[in-house]
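Here the structure comes first, spelled out in structure tokens, and everything after it is commentary.
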Amino acid sequence: MTTALEKEVAAPANTGRRGSHAMRWWVLAVLGVAQLMVVLDATVVNIALPHAQADLGFSNGDRQWVVTGYALAFGSLLLLGGRLSDLFGRRTTFIVGLIGFAVASAIGGAAANFDMLVASRVAQGVFAALLAPAALSLLTVTFTEPSERAKAFGIFGAIAGAGGALGLLLGGALTEWASWRWVMYVNLVFAAIALVGAVLLLAKHTATQRPKLDIPGTLAVSASLFAIVYGFSHAESDGWSNGVTLAFLIGGAVLLAAFVLIEQRVAHPLLPLRVVLDRTRGASYLVVFTTGIGMFAMFLFLTYYMQQQMGFSPIRTGVAFLPMVAGMVAASTTVPALVVPRVGPKATAVFGFVLAAIGMVLLTRIGVDTGYASHILPSLILMGLGLGFALSTAFTGATSGVHHTDAGVASAMVNTSQQVGGSIGTALLSTFAATAASNYVSDHVSGGAPSPLVLAEAAVKSYTTTFWWAAVIFAIGAVVVGFIMPNKVPVPAEGEPVLAH
């Protein structure tokens, strides 16, 4: 069957040969470095923002655009990036994404004003939308032997899950010891390593047929995702009843419905509905979406608590998250090979959500003067293990059984789910936090200005409220995934030779 995919010219990928086997793991290392760079950028900039604001002189109202600009471009273009990797070749798309991301990072590091910094962040989001799905789809078609696939996806899932916490650590270290600009410049190091590996290890492509792109579907879904992400971001600052917020959220929902109708009718759909209607893949995307809601919100509010209430420095805050990273890595690298084949993906993902929910409930015990070891550390360990169980299972299932011509867009759905989930979670839980803090102050102050103690207690109340809601979200995720996901080991995707001569 002739497809629009560019066929890769490569030596046969003989897994029985030691050399070929070793090269596959070097490919994983290259893809892991690229994925880490993209995931880091979701959080690494947060800690550096106050320093960048002081240096470039922009307002508090403008500050959110440094984060939102990246999220809008990344989230709205991911499906297009995934389909482009299917149409024009994963290696080509991966390399273009790497180079573009590095150039955008260099411009951001050298930014002379606010507009230049935001423009660079938007450009980073555009090239990340090419890079992230290309990396996961390359992994999908490289590892098809079950035991290898389980290990590879476990490692990749650990990188994707732990990258946010590592971003806090790296952002704190670079800001404290060097300059906020190095938060951007450090991407040049990651990109250079991944680029050398990609050029040496990945096979070149040759086109067999002119690619076809679903233009109406691309416009509809890109505009829809942009509107939804922007609507939730706008709600965080201006409220849910604001006219602009409602217009973007309703418009995004209408465009999403139009996209589904378009995909049912066009000859070459951007996102073939068979990709998401499969129960294993659909449930896996739901797992990633749900963990995105809880995980990114937890990073945000627990960071606030440790820095504002506990007095932690940026780098100490990053170090404090390391036990969670360790738990996530430990679970992600062992669960796919040892647990999923024995108990099935449904039981594994549900158990992961339950652990994460318990971890969130334990976090609600924090107070104005509580300690790290007694009140935060146990929760971080449980959260790391729980998210490692859930995410490693989801990353394996999200591309299970997919044809190699759909590997890119199936991979893009993983990143889209996580990005949209993170945007929704941050906005939704920020609203709950602000309401809880305001209600606490009004209940404890009858007149005059609130005391510093009341303000501190109100802040803690806002954090614990978000942790309760996150626990509820994880619990709901466990129930829904338990109904949807079949408890059978995911079938590997159809493989392709991807190693260079």
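The values are calculated or read from the model by the stated rules, or taken from the named source; none is laboratory data. Since the structure is predicted, the reported quantities are computational estimates derived from the model, not experimental observations. We place every Cβ from the backbone using ideal geometry, glycine too, and count neighbours over all the protein chains shown. The protein model used for the area step is the full one, side chains on, heavy atoms only, and it has no ligands, DNA or RNA in it. Shrake-Rupley method; radii C 1.70, N 1.55, O 1.52, S 1.80 Å.
Looking at (1) farther than 15 Å from L302 by Cα; (2) assigned to a helix (DSSP H, G or I); (3) touching a residue at least 24 places away in the same chain (Cβ under 8 Å), which is the one condition that is false for S438?
Here S438 meets the rest and fails (3).
Look through L322, L277, L286 and report the one residue that is of a type in the set (A, V, I, L, M, F, W, C), at pLDDT 90 or above and surrounded by fewer than 22 Cβ atoms within 10 Å (Cβ to Cβ). Lay out the reasoning, then the answer.
Numbers: L322 fails: at pLDDT 90 or above; L277 fails: at pLDDT 90 or above.
Answer to the check: L286.
Applying the selection to segment 328-349, what residues are open to solvent by less than 40 Å² (accessible area, probe 1.4 Å) and within 18 Å of V288 (Cβ to Cβ)?
M328, A331, S332, V335, P336, V340, P345, T348, A349
Yes/no per residue for (1) within 18 Å of G32 (Cβ to Cβ); (2) part of a helix (DSSP H, G or I); (3) modelled with pLDDT of 90 or more:
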{"position": "L84", "(1), (2), (3)": "no, yes, no"}
{"position": "A112", "(1), (2), (3)": "no, no, yes"}
{"position": "L117", "(1), (2), (3)": "no, yes, yes"}
{"position": "G125", "(1), (2), (3)": "no, yes, yes"}
{"position": "S137", "(1), (2), (3)": "yes, yes, no"}
{"position": "R149", "(1), (2), (3)": "yes, yes, no"}
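Scan (1) out of contact with any helix residue (DSSP H, G or I) (no Cβ under 7 Å at 6 or more places or on another chain); (2) part of a helix (DSSP H, G or I) for the single condition A390 breaks and write down its number.
(1)
Check whether at least one residue in segment 90-97 is at pLDDT below 90, assigned to a helix (DSSP H, G or I), under 28 Å from V402 (Cα atoms) and among the charged types (D, E, K, R), and report yes or no.
Yes, segment 90-97 contains a residue that is at pLDDT below 90, assigned to a helix (DSSP H, G or I), under 28 Å from V402 (Cα atoms) and among the charged types (D, E, K, R).
Within segment 344-353, identify whether any single residue is modelled with pLDDT of 90 or more, hydroxyl-bearing (S, T, Y) and under 25 Å from F432 (Cα atoms), and answer yes or no.
no
For segment 355-365, state whether one or more residues are outside any helix (DSSP H, G or I), open to solvent by 30 Å² or more (accessible area, probe 1.4 Å) and closer than 15 Å to Y305 by Cβ.
yes
Looking only at segment 8-53, which residues are modelled with pLDDT under 70, crowded, with 17+ Cβ neighbours inside 10 Å and not hydrophobic (A, V, I, L, M, F, W, C)?
E8, the sole residue that qualifies.
Have a look at T218, T245, T175 and point out the one that is modelled with pLDDT under 85 and among the hydroxyl-bearing types (S, T, Y).
Every option except T175 fails the conditions.
Residue by residue, here is whether (1) open to solvent by less than 30 Å² (accessible area, probe 1.4 Å); (2) of a type in the set (A, V, I, L, M) holds:
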site	(1), (2)
L84	no, yes
R90	yes, no
G108	yes, no
A111	yes, yes
S137	yes, no
P146	no, no
G164	yes, no
G167	yes, no
E176	no, no
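Looking at S423, is it touching a helix residue (DSSP H, G or I) at 6+ places or on another chain (Cβ under 8 Å), modelled with pLDDT of 90 or more, part of a helix (DSSP H, G or I) and buried (at least 23 other Cβ atoms within 10 Å of the Cβ)?
The answer is no for S423.
Of (1) in contact with a Lys or Arg (Cβ under 9 Å, 6 or more places away or on another chain); (2) open to solvent by less than 30 Å² (accessible area, probe 1.4 Å); (3) part of a helix (DSSP H, G or I); (4) touching a residue at least 40 places away in the same chain (Cβ under 8 Å), A104 satisfies all except one. Which?
Of everything listed in (1) in contact with a Lys or Arg (Cβ under 9 Å, 6 or more places away or on another chain); (2) open to solvent by less than 30 Å² (accessible area, probe 1.4 Å); (3) part of a helix (DSSP H, G or I); (4) touching a residue at least 40 places away in the same chain (Cβ under 8 Å), A104 misses just condition (4).
Filter segment 443-466 for residues that are among the hydroxyl-bearing types (S, T, Y) and in a helix (DSSP H, G or I); which is farthest from S430 (Cα to Cα)?
Within segment 443-466, the first condition is being among the hydroxyl-bearing types (S, T, Y), and the residues that meet it are 446, 451, 462-466.
This time we only want the ones that are in a helix (DSSP H, G or I), so: 462-466.
Values: S462: 9, Y463: 9, T464: 12, T465: 10, T466: 8 Å.
That would be T464.
Using the structure shown, decide if V266 is within 20 Å of S411 (Cα to Cα) and open to solvent by 10 Å² or more (accessible area, probe 1.4 Å). Full working, then the answer.
Values: within 20 Å of S411 (Cα to Cα): no; open to solvent by 10 Å² or more (accessible area, probe 1.4 Å): yes.
No, not satisfied.
Can you tell me which of (1) open to solvent by less than 70 Å² (accessible area, probe 1.4 Å); (2) within 30 Å of A320 (Cα to Cα) is the one I193 doesn't meet?
(1)
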